[in-house]
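Here's the structure, in structure tokens; my notes come after.
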Ligand code: GTP
């Protein structure tokens, strides 16, 4: 039997040295390496959640000189993970990456899920995530981990599994609703020969041709979002 593999795009952000690469290595191989090379541009890996569910991980470079490249990797991200080094200035890192996400909102998938990770718990076992950050509701998970000791890495993996499955469900539902809207709109259209033609181009999205038909505002918006993410 042939099973369709579903893929989710995850992008890691964080300052250079925050431990993004080490977290990915801990998650994938359960190992920790002191001498990790600086990431240049971005590193790409696949993390398998289940036989038919895979996460495509883009581990971006934290160094400032690579920042202009971030939009290339972050385009249509479905999950964003921000990594903060608890051994450095936390507020500065948080404000910087939170602002980056807000400023680039239109770049990501409309349903993007956000995860915030504080790394290097092993350096300070008494560390507590600041209350004002805990209250930031845009993040589905805010957690403290250590790539070195493996602290909370299982919790992170579990949360990722759940988030990915939820995301795939939402994506399937949205696509189903989209198809229904499309069919309804098309059948309304065939009953109304005097319809306004709002779109006369012949672009095809997921096999549907948007030509000479009345497209309602919701459908247009949906079309634009999908178009943005598949080109
Ligand atoms: P860039 O590639 O420059 O973006 O950095 P990065 O965020 O990928 O950091 P990386 O994973 O390369 O780790 C940077 C340094 O932090 C390395 O020397 C790691 O050994 C160290 N490091 C990473 N995670 C931990 C941790 O949990 N605890 C401690 N003590 N050190 C860590």
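Go through the range 3-49 and give me each residue that's in contact (Cβ under 8 Å) with a residue 60 or more places away in the chain, closer than 18 Å to residue 68 by Cβ and assigned to a loop (DSSP other than H, G, I, E, B).
15
Residues checked against (1) within 29 Å of residue 171 (Cβ to Cβ); (2) at pLDDT 95 or above; (3) surrounded by fewer than 17 Cβ atoms within 10 Å (Cβ to Cβ); (4) under 15 Å from the mean Cα position of the chain (by Cα):
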position	(1), (2), (3), (4)
83	yes, yes, no, yes
88	no, yes, yes, no
99	yes, yes, yes, no
104	yes, yes, yes, yes
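So, in the range 102-138, how many residues would count as being away from the ligand (no atom under 16 Å from the Cβ) and either more than 29 Å from residue 34 (Cα to Cα) or assigned to a helix (DSSP H, G or I) (or both)?
Of the residues in the range 102-138, 20 are away from the ligand (no atom under 16 Å from the Cβ) and either more than 29 Å from residue 34 (Cα to Cα) or assigned to a helix (DSSP H, G or I) (or both).
Evaluate the range 50-62: report whether one residue or more is at pLDDT below 95, in a strand (DSSP E or B) and out of contact with any strand residue (DSSP E or B) (no Cβ under 6 Å at 6 or more places or on another chain).
Looking through the range 50-62, at least one residue is at pLDDT below 95, in a strand (DSSP E or B) and out of contact with any strand residue (DSSP E or B) (no Cβ under 6 Å at 6 or more places or on another chain).
Report every pair of residues separated by at least 6 positions or lying on different chains whose Cβ atoms are under 6 Å apart, first residue within the range 165-185 and farther than 17 Å from residue 77 by Cα, second in a helix (DSSP H, G or I).
Pairs found: 178/222; 181/219; 185/219.
Does residue 92 satisfy the condition of being free of Cβ contacts under 8 Å to residues at least 24 places away in the same chain, out of contact with any strand residue (DSSP E or B) (no Cβ under 6 Å at 6 or more places or on another chain) and under 25 Å from residue 162 (Cα atoms)?
On the way: free of Cβ contacts under 8 Å to residues at least 24 places away in the same chain: yes; out of contact with any strand residue (DSSP E or B) (no Cβ under 6 Å at 6 or more places or on another chain): yes; under 25 Å from residue 162 (Cα atoms): no.
Answer is no for this residue.
Looking only at the range 29-72, how many residues end up being under 24 Å from residue 150 (Cα atoms) and within 10 Å of the ligand (Cβ to nearest atom)?
Qualifying residue count for the region: 14.
The values are calculated or read from the model by the stated rules, or taken from the named source; none is laboratory data. This one's a predicted model, so the numbers in the text were calculated from it and none came from an experiment. A quick note on method: Cβ atoms are made from the backbone with ideal geometry, for glycine too, and the neighbour counts reach across all protein chains shown.
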